[in-house]
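Below is one structure; the comments refer to it alone.
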Amino acid sequence: MLEEKIIFRRATLASVITSTYPMIVVGCYFGITPWNMERLSIDESDLSYAILLFGIFFIISNQIAGRILVPKYGTKLVMTLAFPIVTFSALLTVISSSYFYFLLTFISGGIGWGASGPIGGIHSQLIERHFKKIITPYYAMGFNLGILLGGGLAGLIMRNNYEPYISFTILSFLSILVSSFVYSFGLPRDLDFKGEGEKFKFPETNVLLFGFLLFFVFGSGGIIMDWSTLWLSKDLNTPLYLASMGLIFFSIGGIFANLFSNSLINLFTEKVVGCYFVMIGAAIMFLSLLTNNFYIILGSSMYLWICYCKFSSYNNSTSGQTIK
């Protein structure tokens, strides 16, 4: 019994680190995006092509990892080898000498994320299955915690005029030690994934519907995360060290949603929190953008991500019931 508790706590910690640490690096990068774009003399269209490449290779990597690599090697090995790819890709992004090499780093970053983030989610589900305890909110909170820490680090870098490549070099090489820690603390091999990879099949109607809605939810959330620092610094003339505040407030909303999700659901019901709050949050966010007020936009972005994180939970639970 004691040994099972130790395995559970170690594996849970490993899962949270898997979602948190790469997002520290990614959050830090998006916090210094305006600086990197100015360094490479690229514009918004150039950045959008890079993000598109990231998304394409994320999908390819995710499918290969989930259907081929995980059944063969298990979730723990795949995710621990993948997330240093994310951190070193970010390092290469800030030291790339041309737009061509800049694009290549987004390809490798997409490959790393596709085999890291979603596979870490599978690892968390395996922990829940074996130990009959829910840890997914903590795994999800790790992403927001990483954005929070990364956005804060970016603000410090810009505020004190530090060289970004130094911080990214430290974070990248430290990720090797962190991944070793995750591998040591993750689920033992006998508790990891067993079986054949699932063949692709067209989703059921209800699953497809909620997946389509989730596409818009995280698409708009991705826009905020990817573009907020650039927009705040360029259009609102916010200092670079304050522009990353958008990421910080955004992530605070997600952390709040993950920590207090049950209380909100008990108070308002899952349907109201998961669906109606999203529409209200989107409307408030739209109205705040019309004000061009830095502080109003920060507050509305925090509330919006509270709603979006709750919709994600509602989507997962409803889809899970459909699959059953």
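Of a type in the set (Val, Ile, Thr) and assigned to a helix (DSSP H, G or I): is that true of residue 60 in this structure? Yes; evaluated as a whole, the condition is true for this residue.
Inclusion of residue 162 among residues that are without any contact (Cβ under 8 Å) to a residue 40 or more places away in the chain and not polar (S, T, N, Q) is warranted.
Could you identify the single residue in 263, 319, 312 that is outside the structural domain of residue 25 (by TED's automatic domain parsing), modelled with pLDDT under 75, under 22 Å from residue 146 (Cα atoms) and in a helix (DSSP H, G or I)? Residue meeting the stated conditions: 312. Looking at this structure, is residue 97 polar (S, T, N, Q), surrounded by fewer than 22 Cβ atoms within 10 Å (Cβ to Cβ) and more than 17 Å from residue 15 (Cβ to Cβ)? Yes: the conditions hold for residue 97. Taking every residue in the stretch 133-144 that is surrounded by fewer than 22 Cβ atoms within 10 Å (Cβ to Cβ) and pairing it with any residue that is acidic (Asp, Glu) and at pLDDT 85 or above, at least 6 positions away or on another chain, the pairs with Cβ-Cβ distances below 7 Å are 134/128; 135/128; 136/128. Would you confirm, using the coordinates I've provided, whether residue 101 is assigned by TED's automatic domain parsing to the domain that holds residue 181, in contact (Cβ under 8 Å) with a residue 12 or more places away in the chain and out of contact with any Phe, Trp or Tyr (no Cβ under 6 Å at 6 or more places or on another chain)? For residue 101, the condition - assigned by TED's automatic domain parsing to the domain that holds residue 181, in contact (Cβ under 8 Å) with a residue 12 or more places away in the chain and out of contact with any Phe, Trp or Tyr (no Cβ under 6 Å at 6 or more places or on another chain) - is not met.
Scanning the stretch 14-32 for any residue that is in contact with a helix residue (DSSP H, G or I) (Cβ under 9 Å, 6 or more places away or on another chain) and either outside the structural domain of residue 182 (by TED's automatic domain parsing) or farther than 25 Å from residue 157 by Cβ (or both) turns up at least one such residue. Given the structure, is residue 145 closer than 22 Å to residue 252 by Cβ and assigned to a helix (DSSP H, G or I)? When the stated conditions are applied, residue 145 passes them. Here are some conditions: (1) buried (at least 16 other Cβ atoms within 10 Å of the Cβ); (2) at pLDDT below 90. Residue 35 meets all but one. Which one does it not meet? Going through the list (1) buried (at least 16 other Cβ atoms within 10 Å of the Cβ); (2) at pLDDT below 90, residue 35 breaks only (2). Looking only at the stretch 116-139, residues that are among the aromatic types (Phe, Trp, Tyr) and more than 14 Å from the chain's Cα centre (by Cα) come to 1 in all.
For (1) crowded, with 24+ Cβ neighbours inside 10 Å; (2) modelled with pLDDT of 90 or more; (3) in a helix (DSSP H, G or I), each residue gets a yes or a no:
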{"site": "67", "(1), (2), (3)": "no, no, yes"}
{"site": "87", "(1), (2), (3)": "yes, yes, yes"}
{"site": "90", "(1), (2), (3)": "yes, yes, yes"}
{"site": "102", "(1), (2), (3)": "no, yes, yes"}
{"site": "108", "(1), (2), (3)": "no, yes, yes"}
{"site": "111", "(1), (2), (3)": "no, yes, yes"}
{"site": "118", "(1), (2), (3)": "no, no, yes"}
{"site": "121", "(1), (2), (3)": "no, no, yes"}
{"site": "125", "(1), (2), (3)": "no, no, yes"}
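The values are calculated or read from the model by the stated rules, or taken from the named source; none is laboratory data. If you're wondering where the values come from, they're calculated on a predicted model, not measured in any experiment. Here Cβ is always computed from backbone atoms with ideal geometry, including for glycine, and neighbour counts include all displayed protein chains.
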